[in-house]
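Heads up: the structure comes next, in structure tokens.
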Amino acid sequence: MSEEKKRFIQEFVPGKQLTLSHLIANPDPDMFQKLGIQEAGALGIMTCTPSETVIIAGDLATKAANVRLGFLDRFTGSLVIVGSVSEVEMAMLEINRFLSESLGYTPSKITKS
């Protein structure tokens with residue numbers, strides 16, 4: 001009996017966009033411990049495509065507001081911003097604004113929980 005081999009093909013769809021912008025206000029302290037980052041009032045989670053855009057986003061965040069970078073991965077485009085709720089939101093708004101207006105990216109609505 002012969003077993004048919006299955007192939008999976010992963011495609012990269014080109015585009016310039018923020019695929020996720022989410023602000024978590026007052027996260028559970030355990031979350032910070034599990035993430036290995038210093039506790040703060042809020043976490044901002046963003047994902048950028050192409051993934052290298054996250055370097056620009058991280059720079060914009062720290063220049064726009066009093067926030068720290070909790071995590072930045074240029075291979076996946078993931079960014080975690082840490083600070084007070086208002087500062088994290090300000091940084092996320094600036095990232096969306098700059099990438100949209102200056103670089104032609106599709107912005108992402110900032111959702112909150």
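Observations, loosely collected:
- Dipole axis of the chain (+1 Lys, Arg; -1 Asp, Glu on Cβ), positive-most option in 100, 82, 70: 100
- Unit charges at the beta carbon, dipole of the chain: most positive-side option, 54, 91, 29: 54
- With every protein chain in place and a 1.4 angstrom probe, the accessible-area ranking of 80, 85, largest first, reads 85, 80.
- For the pair residue 112 and residue 25, the difference between a 0.36 nm per residue extended length and the Cα-Cα distance amounts to 30.6 nm.
- Taking every lysine pair in the chain that is 8 or more places apart or spans two chains, those with Cα atoms closer than 29 Å amount to 8.
- Accessible area expressed per residue, the chain, with surrounding protein chains retained (probe 1.4 Å, Å²): 66
- Here the accessible area of the chain is 54 percent carbon and sulfur, with a 1.4 angstrom probe and all protein chains present.
- Solvent exposure of residue 86, expressed as accessible area, is near 80 Å², computed with a probe of 1.4 Å over the protein chains only.
- Inter-label distance for residue 63 and residue 102, nm, one decimal - labels placed 7 Å from Cα along Cα-to-Cβ: 0.5
- Note on the chain: with charges restricted to the Cβ of Lys and Arg (+1) and Asp and Glu (-1), its dipole about the Cα centre is near 220 debye.
- Across every direction, the projection of the convex hull enclosing the Cα atoms of the chain has a mean area of 9.4 nm².
The values are calculated or read from the model by the stated rules, or taken from the named source; none is laboratory data. A quick note: this is a predicted structure, and the numbers were derived from the prediction, not measured. Glycine also receives a Cβ, built like all others from the backbone with ideal geometry; neighbour counts cover every protein chain displayed. In case anyone asks, the SASA skips ligands and DNA or RNA and just uses the protein heavy atoms, side chains included. Shrake-Rupley method; radii C 1.70, N 1.55, O 1.52, S 1.80 Å.
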